[in-house]
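**Student:** Structure in structure tokens, see below.
The values are calculated or read from the model by the stated rules, or taken from the named source; none is laboratory data. From a predicted model like this one, the values you see are computed outputs, not experimental measurements. We place every Cβ from the backbone using ideal geometry, glycine too, and count neighbours over all the protein chains shown.
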Amino acid sequence: MGLYETFFTRRSVRKYTSTPLSTEVLSEVRSVLDGAEQISGQTASFEILEAVKVKDAATPHAPYYIIARSEQTDTAYANVGFVLEKVDLFLQSKGLGSCWLGMAKPTDVPDDYTVMMAFGYTEIPVRGSESEFNRIALDDISNEDNAVARAARLAPSAVNSQPWKLSFEPGKVVIGYFGRGLLKLILRKKMAKIDVGIISRFVTLALENEGKTVTEVNTDADGKDLRVTVLYN
Ligand SMILES: Cc1cc2nc3c(=O)[nH]c(=O)nc-3n(C[C@H](O)[C@H](O)[C@H](O)COP(=O)(O)O)c2cc1C
């Protein structure tokens, strides 16, 4: 299955088997991590750790975790969302399970620690259809009803808060932060910015699925607002 097709079946997996992944699969994950485009000017780094090296408090328990490290800025958080969402989709396209972890921390927390993603063999099947997704209405998140917006609506976000608005303009899609839900004050500092990067990856892949060429992904952050602009031909 391709990354775009995986939009419609992926889910957060919170139950894993302890079966180890083969060296080949792990090195494939590593190369997707290394090959994933970063937002202009960003240089996040990623490490794959085995479960034993992660604090027990890390829930859900999984055999592997990806630890993301970056600058502690809104743009850098959006970039981590943009990069790791590609890996989330890749893992699930291969029949593996994965889950973003905003609460968990590795045993030794580096100063530039940003977020984690759990992965491994899943005990839970993928979603059977789009009706299994719990998402807000399209017109609450987009100025247009089109295939890209409909696909991007399925993107995951911390506590499913979906803190974004999409604006379709000629040759570009602008993705803005838009806080929602009771937890918005807690989430807005970091998680919501990662979420904006996540949906930007969905928008990019959905445009490519429509035959478009994405020419640039850049951000505009002023400490209060965050916008990602995806330019395409
Ligand atoms: C940045 C981010 C952080 C998250 N943190 C956690 C977490 O700490 N624990 C957890 O169980 N799920 C976590 N999730 C998963 C979300 O709850 C989940 O994506 C959302 O409810 C939508 O469900 P779905 O991914 O199954 O479509 C996180 C998701 C994102 C994007």
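**Student:** Filtering region 95-143 down to residues that are more than 17 Å from TYR65 (Cα to Cα) and more than 15 Å from the ligand (Cβ to nearest atom), which residue is surrounded by the fewest Cβ atoms within 10 Å (Cβ to Cβ)?
**Tutor:** Within region 95-143, the match that is surrounded by the fewest Cβ atoms within 10 Å (Cβ to Cβ) is ASP111.
**Student:** So which helices (runs of 4 or more DSSP H) are wholly in region 117-187 and hold at least 2 residues that are at pLDDT 95 or above?
**Tutor:** The qualifying helices (runs of 4 or more DSSP H) are 138-141, 147-152.
**Student:** Among the candidates ILE39, ILE67, ILE48, single out the residue that is farther than 24 Å from VAL228 by Cα and in contact with a strand residue (DSSP E or B) (Cβ under 7 Å, 6 or more places away or on another chain).
**Tutor:** One residue alone meets the criteria, ILE48.
**Student:** Report every pair of residues separated by at least 6 positions or lying on different chains whose Cβ atoms are under 7 Å apart, first residue within region 71-82 and over 9 Å from ILE39 (Cβ atoms) and within 11 Å of the ligand (Cβ to nearest atom), second of a type in the set (A, V, I, L, M, F, W, C) and not in a loop (DSSP other than H, G, I, E, B).
**Tutor:** Pairs found: TYR77/ILE194; VAL80/ALA68; VAL80/VAL115; VAL80/ILE194; GLY81/ILE194; GLY81/VAL196; GLY81/ILE198.
**Student:** Any idea how many residues of region 10-21 are crowded, with 18+ Cβ neighbours inside 10 Å and within 19 Å of the chain's Cα centre (by Cα)?
**Tutor:** 2
**Student:** When residues of region 191-203 are filtered for being more than 8 Å from the ligand (Cβ to nearest atom) and more than 18 Å from PHE8 (Cα to Cα), how many remain?
**Tutor:** So the count comes out to 4.
**Student:** Related question: Of all residues in region 158-180 being over 20 Å from ILE39 (Cβ atoms) and more than 11 Å from the ligand (Cβ to nearest atom), which is farthest from the chain's Cα centre (by Cα)?
**Tutor:** In this case the residue turns out to be PRO170.
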